1. Take the conditions within 27 Å of GLY109 (Cβ to Cβ), at pLDDT 95 or above and among the small types (Gly, Ala, Ser) and apply them to ALA168. Does it pass?
2. Can you list residue pairs whose Cβ atoms sit under 8 Å apart, with the first residue in region 143-164 being under 29 Å from CYS270 (Cα atoms) and crowded, with 19+ Cβ neighbours inside 10 Å and the second being hydroxyl-bearing (Ser, Thr, Tyr) and modelled with pLDDT of 95 or more? Count only pairs 6 or more apart in sequence or on different chains.
3. So how many residues does region 165-188 have that are among the hydrophobic types (A, V, I, L, M, F, W, C) and either closer than 19 Å to ARG245 by Cα or surrounded by fewer than 16 Cβ atoms within 10 Å (Cβ to Cβ) (or both)?
4. How about region 44-80: which of its residues are open to solvent by 30 Å² or more (accessible area, probe 1.4 Å) and under 20 Å from ARG115 (Cα atoms)?
5. Under 6 Å between Cβ atoms, at least 6 apart or on separate chains: pull out the pairs that start in region 46-58 with a residue that is over 23 Å from PRO73 (Cα atoms) and end on any residue that is among the small types (Gly, Ala, Ser) and modelled with pLDDT of 95 or more.
6. Can you tell which of ARG224, ARG245, ARG202 is farther than 30 Å from ARG170 by Cβ, open to solvent by 70 Å² or more (accessible area, probe 1.4 Å), basic (Lys, Arg) and free of Cβ contacts under 8 Å to residues at least 60 places away in the same chain?
7. Within region 215-252, can you find the residues that are assigned to a helix (DSSP H, G or I), in contact with a helix residue (DSSP H, G or I) (Cβ under 7 Å, 6 or more places away or on another chain) and more than 19 Å from CYS32 (Cα to Cα)?
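The values are calculated or read from the model by the stated rules, or taken from the named source; none is laboratory data. Owing to the predicted nature of the structure, the values given are computational and were not obtained by experimental measurement. Glycine gets a Cβ as well: all are built from the backbone with ideal geometry, and neighbour counts include every protein chain shown. Note: areas computed on protein heavy atoms with side chains; ligands, DNA, RNA excluded. Shrake-Rupley method; radii C 1.70, N 1.55, O 1.52, S 1.80 Å.
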Amino acid sequence: MFAPPGLLEQGPETARAFLARMEQAGIDHVCCGDHVSFAGLGFDGLVQATALAMLHPTLPVSSGVYLLPLRHPVLVARQLADMARLAPGRLIFGAGIGGEDRHEVAICGVDPATRGKRMDECLAIVRQLLTGKAVSFHGTFFDLDEAVIAPAPATAIPIIIGGRSDAAIRRAGRLGDGWLGIWNSPRRFAAAAEMAAEEAARVGRADPPRRHAMQVWCGLADSRAAARACLAPAMEAFYQLPFERFERYCPYGTAEDVAGFLAPYAAAGCAEFNLIPQSPDHDQAVAGTAAVKRLLAPA
């Protein structure tokens, strides 16, 4: 599940206690987002991930998603390798091109129209650098000779590629360990998993991506009405759009309601869910998320 907004600003003891409750409830990993300047606001995803990892000794951390094309891949590889030293085996690197705010891309010196191709080069470079070997790369956006990032992570960092487009899904097939979907149907999810596998086969990968995931806003409360009352205003405030634009993809109600909505995605090949729960309070969000996991476990 995603940590609640502002958790890290509440101080280390509050954050530490919240993460401990998550782990004790059986939640698999804590998630964080990433923005440089989303309508002026933001919180760097790898800074968040590092802080969260340092506040709990074992809980894995997932970035969902880090806007990789806005950064230089050598610097990102350095950050990832450093985090692997600080929290070995605990980072899941979700990366994507972003899409909500083209101005955010432009002020980082990146032409929004080139994000996809730039993402491909970034991923190829980062994956090679994380092996610890010298990397030379001569592309459209990056030109490297004998770049080295050492020490290499002792345990490979899973790289999950986010995005709704066919291009993002094929990118996951070529360069990712899985695909991270959002705002799609179970049928689309199954088709995406197949498309990623086909792309992996096309480029001759011996290890096709299998760690497919879904990012899901959801409302968790004692009734559907109470859950919707938590979820709708939170999403409208974040996206500045009516909740009805998202409602068909955003389950709400009891844990049973949410698990019932998500079960077809699990059947379609979804290995993990990153829930963004909205509840009357944080304790109910943690308990509800843990209950959804238990209900889905047989699937």
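1. Details: within 27 Å of GLY109 (Cβ to Cβ): yes; at pLDDT 95 or above: yes; among the small types (Gly, Ala, Ser): yes.
It is true that ALA168 is within 27 Å of GLY109 (Cβ to Cβ), at pLDDT 95 or above and among the small types (Gly, Ala, Ser).
2. From residues that are under 29 Å from CYS270 (Cα atoms) and crowded, with 19+ Cβ neighbours inside 10 Å, the pairs are ILE160/SER62.
3. Taking region 165-188 and keeping what is among the hydrophobic types (A, V, I, L, M, F, W, C), we get 167-169, 172, 175, 179-180, 182-183.
Next cut, either closer than 19 Å to ARG245 by Cα or surrounded by fewer than 16 Cβ atoms within 10 Å (Cβ to Cβ) (or both) only: 167, 182-183.
Matching residues across region 165-188 total 3.
4. Residues satisfying the conditions are ASP44, VAL65, ARG71, HIS72, VAL74, LEU75.
5. LEU55/ALA15
6. Details: ARG245 fails: farther than 30 Å from ARG170 by Cβ; ARG202 fails: farther than 30 Å from ARG170 by Cβ.
Exactly one residue qualifies, and that residue is ARG224.
7. Of the residues in region 215-252, the ones assigned to a helix (DSSP H, G or I) are 224-239, 243-245, 247-249.
When the remaining residues are screened for being in contact with a helix residue (DSSP H, G or I) (Cβ under 7 Å, 6 or more places away or on another chain), the result is 224, 232, 235-236, 243.
The answer is ARG224, ALA232, GLU236, PHE243.
To keep it simple, each residue is scored yes or no on (1) open to solvent by less than 30 Å² (accessible area, probe 1.4 Å); (2) among the hydroxyl-bearing types (Ser, Thr, Tyr); (3) out of contact with any Gly (no Cβ under 6 Å at 6 or more places or on another chain).
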{"site": "PRO12", "(1), (2), (3)": "no, no, yes"}
{"site": "ILE27", "(1), (2), (3)": "yes, no, yes"}
{"site": "GLY42", "(1), (2), (3)": "no, no, yes"}
{"site": "LEU86", "(1), (2), (3)": "no, no, yes"}
{"site": "GLY96", "(1), (2), (3)": "yes, no, no"}
